[in-house]
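Notes follow once the structure below has been shown.
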Amino acid sequence: MKLIIVDDDPLVCQSLQLLLSKEEDMDVTGVASDGQEAIELCTAQQPDVVLMDIQMPVMGGIESTKMMKKKYPSIHIIMLTTFQDERNIRLALQAGAEGYLLKSTQISNMADQIRAISAGISVLDQGVLKTIMKEPSGERFEGLTEREKDIVELVAQGMSNKEIGSQLYLSDGTVRNMLSIVLDKLELRDRTQLAIHYWQREDGRE
């Protein structure tokens, strides 16, 4: 798995590069100090996953993520930051980031989260979830069957299709098909958007 690290702090880049390179299935192929460099690096290297800081000079991580996902939609982007405020979390996920982790995350856990992202599972730090979490409104899910609502709830809890199938006694294929139907009904792009939709605060800031 090819990784790129984007952060304007050289020590952060060096530390992450050293630690993640010890994982047998990960290869940190480059580092960038701002969002513009990240886009250029992705053009040259076509990585699988990008670890992206938020606040950087020249171009920040959110703007870079938006441009990168538009140009290279298959590249997975994880925001890796010290910022845990609701506004940054929402902007990052709306820009197309599939994960949001804090820099305080233990490296072993971070590696597991990177693997999950690469496998198509959205990843949100537990502290991040608490920041944006509020009891969901049933009105958001009008038109869904009870079983579809069950799937939405389990996706929002971060479960994979296999874990959802095991809990609901459904095959992986059935879960995948039902999830596609749910996304279509709610006019959402992917499971990350679905999770955010589930926990969305009803304060008009959608």
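The values are calculated or read from the model by the stated rules, or taken from the named source; none is laboratory data. None of the values given here were measured: they were computed from a predicted structure. Methodologically, a virtual Cβ is constructed for each residue, glycine included, from the backbone with ideal geometry; neighbour enumeration extends over all protein chains shown.
Within the range 119-138, is even one residue crowded, with 18+ Cβ neighbours inside 10 Å and modelled with pLDDT of 85 or more? Checked the range 119-138: no residue is crowded, with 18+ Cβ neighbours inside 10 Å and modelled with pLDDT of 85 or more. Under the condition of being closer than 17 Å to VAL12 by Cβ and in contact with a Cys (Cβ under 8 Å, 6 or more places away or on another chain), the residues counted in the range 28-68 number 3. Looking only at the range 159-204, which residues are modelled with pLDDT under 90, of a type in the set (Gly, Ala, Ser) and within 21 Å of GLN113 (Cα to Cα)? Passing the criteria: SER160, ALA195. Among the residues of the range 153-181, those identified as in a loop (DSSP other than H, G, I, E, B) and free of Cβ contacts under 8 Å to residues at least 40 places away in the same chain are GLN157, GLY158, MET159, TYR169, LEU170, SER171. One residue alone among LEU11, LEU51, LEU19, LEU102 is buried (at least 23 other Cβ atoms within 10 Å of the Cβ) and either touching a helix residue (DSSP H, G or I) at 6+ places or on another chain (Cβ under 8 Å) or assigned by TED's automatic domain parsing to the domain that holds ILE121 (or both), and that residue is LEU51.
Would you check if PRO57 is of a type outside the set (Gly, Ala, Ser), crowded, with 22+ Cβ neighbours inside 10 Å, assigned to a loop (DSSP other than H, G, I, E, B) and in the same structural domain as ILE121 (by TED's automatic domain parsing)? Against the criterion (of a type outside the set (Gly, Ala, Ser), crowded, with 22+ Cβ neighbours inside 10 Å, assigned to a loop (DSSP other than H, G, I, E, B) and in the same structural domain as ILE121 (by TED's automatic domain parsing)), PRO57 does not qualify.
The condition of being in a helix (DSSP H, G or I) and crowded, with 17+ Cβ neighbours inside 10 Å holds for only one of ALA44, ALA38, that being ALA38.
Scan the range 18-35 for residues that are part of a helix (DSSP H, G or I) and more than 20 Å from the chain's Cα centre (by Cα) and jot them down.
Our first condition is that a residue be part of a helix (DSSP H, G or I); within the range 18-35, this holds for 18-20, 35.
Result: LEU18, LEU19.
Among all residues of the range 42-65, there is at least one that is within 15 Å of the chain's Cα centre (by Cα), under 20 Å from LYS103 (Cβ atoms) and acidic (Asp, Glu).
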